[in-house]
Amino acid sequence: MCAQVTHGVRLQMDAMGYRNVARIAFHFGFFNTVRYCEKQLIVMEPKLKTNLFKLAVKCNMRTYLVHLLKQIETKTQMINILSRLDLEEMSSESMKAIAAKIFSS
């Protein structure tokens, strides 16, 4: 599926399919495919799911990360999410987005 999406085929997938394609595309360096999957995930998953932060950070999905961060309402949720993330391997863009959320709250 990843190769098809990379070459312009717009498949009808569920959110899990887009997450899997994004992981594979990131692994092989198909960043346009990652961005496409990121946009589709934003449209498909309006509710906050804490396990998706790892995907957003790992695949450097900055827009998706900001979308997820906007849905955090309490500091307890933020602490819970940050405790699960590997802050050492996070990109600078992801760190900036998280810092902006922390200091804006």
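The values are calculated or read from the model by the stated rules, or taken from the named source; none is laboratory data. None of these values were measured; they are calculated from a predicted model. Please note: Cβ atoms are built from the backbone with ideal geometry, for glycine as well, and neighbour counts cover all protein chains shown.
Residues of segment 66-105 being of a type in the set (D, E, K, R) and under 16 Å from L55 (Cβ atoms), which ones?
Of segment 66-105, the ones of a type in the set (D, E, K, R) are 70, 73, 75, 84, 86, 88-89, 93, 96, 101.
Of everything in segment 66-105, those that are of a type in the set (D, E, K, R) and under 16 Å from L55 (Cβ atoms) turn out to be R84, D86, E89, E93.
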Of (1) buried (at least 20 other Cβ atoms within 10 Å of the Cβ); (2) out of contact with any helix residue (DSSP H, G or I) (no Cβ under 7 Å at 6 or more places or on another chain), L87 satisfies every one except (1)
Listed by first then second residue, the pairs whose first member lies in segment 76-98 and is among the basic types (K, R), whose partner is in a helix (DSSP H, G or I), with beta carbons under 8 Å and at least 6 positions apart or on separate chains, are R84/F53; R84/K54
With criteria (1) buried (at least 21 other Cβ atoms within 10 Å of the Cβ); (2) at pLDDT 90 or above, F31 comes up short on (1)
Q. Right, Y18: in a helix (DSSP H, G or I), touching an Asp or Glu at 6+ places or on another chain (Cβ under 7 Å), under 23 Å from V5 (Cβ atoms) and not aliphatic (A, V, I, L, M) or not?
A. no
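Each row is one residue, and each column tells you yes or no for (1) loosely packed, with under 13 Cβ neighbours inside 10 Å; (2) in a helix (DSSP H, G or I); (3) in the same structural domain as C2 (by TED's automatic domain parsing); (4) among the charged types (D, E, K, R).
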site: R35; (1), (2), (3), (4): no, yes, yes, yes
site: I42; (1), (2), (3), (4): no, yes, yes, no
site: F53; (1), (2), (3), (4): no, yes, no, no
site: Y64; (1), (2), (3), (4): no, yes, no, no
site: H67; (1), (2), (3), (4): no, yes, no, no
site: E73; (1), (2), (3), (4): yes, no, no, yes
site: T76; (1), (2), (3), (4): yes, yes, no, no
site: S83; (1), (2), (3), (4): yes, yes, no, no
site: K101; (1), (2), (3), (4): no, yes, no, yes
